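*Asks:* Can you read through this structure? Questions will come right after.
No lab work stands behind these numbers, since they all come straight from the coordinates. It should be emphasised that the depicted structure is a prediction, and the values quoted were computed from it without experimental measurement. Cβ placement follows ideal geometry from the backbone for every residue including glycine, while neighbour counts extend to all protein chains displayed.
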Amino acid sequence: MIICKRLLYLIQSDTSKMCTIAPRGKSSKMNLEMEFEKLQTSNSKSLLKKYLTPEIFHKLKDQKTQMGSTLMDCIQSGLVNHDSGVGIYAADADAYTTFADLFDPIIDDYHKGFSKNKVHPAKDFGDYKKLGNLDPEGKYIKSTRVRCGRSIQGYPFNPRMTVEHYKEIEDEVSKTLTSLEGEFKGCYYPLTGMAKQVQEQLINDHFLFKEGDRFLQAANACRFWPTGRGIYFNNDKTFLIWCNEEDHLRIISMQQGGDLGDVYRRLVTGVNEIEKKITFSHDNRLGFLTFCPTNLGTTIRASVHIKVPKLASEQQKLYNVADKYNLQVRGTTGEHTDAVDGIYDISNKRRLGLTEFQAVKEMYDGITEIIKIEKDL
Ligand code: ADP
Ligand code: CIR
């Protein structure tokens with residue numbers, strides 16, 4: 001049944017020149033050529049601006065993927081938000097090939113050396129026992145989280161998804177998850193019908209995605225909200241799955257304190273269980289395919305919420321160490337937010353061109369060094 005509905009998704013409208021951005025009801029028309037001009041003359045620091053040269057623009061502006069996705073579908077977020085770090089999303093799995101002239105240099109830049117001839121290594125979760133507790137005294141790390149993203153094979157990504165796609169994916173995901181057992185046993189909670197207070201509490205506790213991210217809205221990733229969106233979690237709220245937010249699935253393991261080994265063990269075991277039941281989109285060169293090119297490959301973001309007041313008072317030092325160890329520093333409530341009470345979210349930056357274990361190990365090594373520097377200051 002699901003397969004038949006996926007095949008029906010072949011009728012596409014022509015959106016190559018004009019695009020309707022409809023963040024939950026609003027709508028405005030954008031002209032691709034005009035917005036490209038504006039980006040070109042802006043002082044945007046985005047990777048989109050850096051690599052969308054006039055040559056590439058003219059080569060790609062009329063191209064379409066097999067599912068009908070256009071250049072506009074991919075770059076509208078960066079055209080609206082000149083303060084984007086990246087500014088591009090893949091509207092479907094094929095977009096990485098059809099628009100490779102633009103995606104490849106952006107991917108190479110973000111993942112620090114993944115040139116177009118490179119091939120992502122095979123999945124290798126490695127041995128979680130080699131990762132211990134980063135902060136056994138419990139002085140610096142408030143909590144640890146490792147997440148990965150997955151796309152279900154055969155479906156486009158957000159900008160090209162229909163309301164039926166959202167519902168079908170939610171159906172498949174929620175049914176699959178209710179068969180999980182042991183420490184993974186839990187319930188699926190759709191966003192539709194969830195009490196506002198419950199939703200806010202889950203967001204404040206860092207379990208649930210926020211609403212209204214302007215980068216995702218401009219990418220046309222929030223249409224039909226809250227239809228098809230939801231969260232699954234186990235009793236302890238240490239294993240969670242987001243449905244149809246940025247990616248079809250985000251699989252998350254998290255807990256208080258710095259025991260990265262235990263958090264990673266849970267993630268790997270949970271992902272292996274889910275992969276037995278759902279077929280995910282995977283590419284020989286790019287690994288697991290995600291909506292945002294920053295998440296390709298392993299799709300792993302291993303992070304700690306960490307308080308390092310001495311380093312924080314010399315912020316440049318913190319950013320220098322982060323850079324040296326390929327780490328990304330985010331604010332307390334996620335990307336594009338500020339640090340509250342001196343708590344930073346620090347994670348591995350690279351996810352492509354290295355194994356899952358290596359991605360987590362980059363965070364492990366970097367955080368070990370950050371704690372050492374903090375102690376020595
Ligand atoms: P993602 O990690 O999925 O890319 P965000 O940066 O938006 O997306 O973070 C999602 C949520 O996860 C936010 O509420 C953020 O504060 C929370 N989070 C990230 N890392 C940690 C952590 N180590 N401990 C607790 N919460 C975390
Ligand atoms: C941006 O370009 O800033 C947003 N579209 C988010 C990019 C993804 N995050 C990242 O840099 N890791």
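*Asks:* Give me 268, 340 ranked fewest to most by other Cβ atoms within 10 Å of their Cβ, as a rough exposure proxy.
*Replies:* Ordered from fewest to most neighbouring Cβ atoms within 10 Å, 268, 340 come out as 340, 268.
*Asks:* Would you mind ranking 210, 175, 196 by Cβ crowding within 10 Å, fewest neighbours first?
*Replies:* By the 10 Å Cβ count, ascending: 196, 175, 210.
*Asks:* Straight-line reach from residue 361: which aspartates and glutamates have Cα under 19 Å away, leaving out those fewer than 8 places along the same chain?
*Replies:* 124, 127, 135, 259, 262, 323, 345, 369
*Asks:* Turning to a different aspect of this structure: Can you list residues from other chains, or at least 5 along the same chain, whose modelled amide H is less than 5 Å from the amide H of residue 336?
*Replies:* Hits under the 5 Å cutoff: 331.
*Asks:* Hey, another quick one. On alpha carbon coordinates alone, what is the Rg over Rh value for region 29-110, Rh being the Kirkwood radius?
*Replies:* Result for region 29-110 is an Rg/Rh of 0.92.
*Asks:* For the chain, what is the calculated [θ] at 222 nm in deg cm²/dmol (nearest 500), taking -39500 (n - 2.57) for each run of four or more DSSP H residues and dividing by its residue count? Don't skip to the end; give the middle numbers.
*Replies:* Numbers: 14 runs with 135 residues, N = 377.
Using -39500 (n - 2.57) per qualifying helix, the result is -10500 deg cm²/dmol.
*Asks:* Something else now. Fewest first, what order do 242, 225 take by the number of other Cβ atoms within 10 Å?
*Replies:* Going from least to most buried by this count: 225, 242.
*Asks:* Would you kindly derive the ³J(HN,Hα) couplings of region 72-86 from the backbone phi angles with the Karplus curve 6.51 cos²θ - 1.76 cosθ + 1.60 (θ = phi - 60°), listing them in order in whole Hz, with x for Gly and Pro?
*Replies:* Taking θ as phi minus 60°, the curve returns 4, 4, 8, 10, 4, 5, x, 6, 7, 9, 5, 8, 4, x, 10 Hz for region 72-86.
*Asks:* Can you order the peptides 94-103, 306-315, 66-75 by their average number of other Cβ atoms within 10 Å per residue, highest first?
*Replies:* Ranked by mean Cβ neighbours within 10 Å, highest first: 66-75, 94-103, 306-315.
*Asks:* Ok, one more. Here is the link list: 50/317; 185/375; 129/185. Which ones come out longer than 30 Å on Cα distance? Display every interim value, and only then the final one.
*Replies:* Values: 50/317 27 Å; 185/375 40 Å; 129/185 23 Å.
Check vs 30 Å cut-off fails for 185/375.
*Asks:* For residue 234, which sequence-distant residues (separation of 5 or more, or a different chain) have an amide H within less than 5 Å of its own amide H, given hydrogens modelled in the peptide plane?
*Replies:* So residue 234 has HN proximity to 239.
*Asks:* Continuing with this model, one more query. Please tell me which of these pairs span more than 29 angstrom C-alpha to C-alpha: 167/277; 61/112; 59/112; 61/324?
*Replies:* 61/324
*Asks:* Right, something else. Specify the inter-centroid distance of region 194-208 and region 74-126, based on alpha-carbon positions, in whole Å.
*Replies:* What the calculation gives is 31 Å, centre to centre.
*Asks:* If you don't mind, another one. Can you tally the net charge around residue 326? Count Lys and Arg as +1, Asp and Glu as -1, for every other residue whose Cβ sits under 14 Å from the Cβ of residue 326.
*Replies:* Net charge around residue 326: +2.
*Asks:* How big is Rg to Rh over the chain, alpha-carbon atoms, Rh as the Kirkwood inverse-mean-distance radius?
*Replies:* Looking at the chain, the ratio lands at 0.95.
*Asks:* Right, another one. In debye, nearest 20, what is the charge dipole magnitude of the chain about its Cα centre with +1 on Lys and Arg Cβ and -1 on Asp and Glu Cβ, if you could check?
*Replies:* Dipole about the Cα centre, nearest 20: 80 debye.
*Asks:* Can you list the HN-Hα couplings for region 229-240, worked out from phi with the Karplus curve (6.51, -1.76, 1.60; θ = phi - 60°), rounded to whole Hz and with x for Gly and Pro?
*Replies:* My calculation for region 229-240 gives 9, x, 9, 10, 8, 7, 4, 7, 6, 10, 9, 9 Hz in order.
*Asks:* From the phi of every residue in region 102-108, what ³J(HN,Hα) in whole Hz does the Karplus formula 6.51 cos²θ - 1.76 cosθ + 1.60 yield, where θ is phi - 60° and glycine or proline is x?
*Replies:* Along region 102-108, the couplings run 9, 5, 4, x, 5, 4, 4 Hz.
*Asks:* Still on this model: Arrange the peptides 83-89, 42-48 so that the one whose residues have, on average, the most other Cβ atoms within 10 Å appears first.
*Replies:* My ranking of the peptides, most packed first, is 83-89, 42-48.
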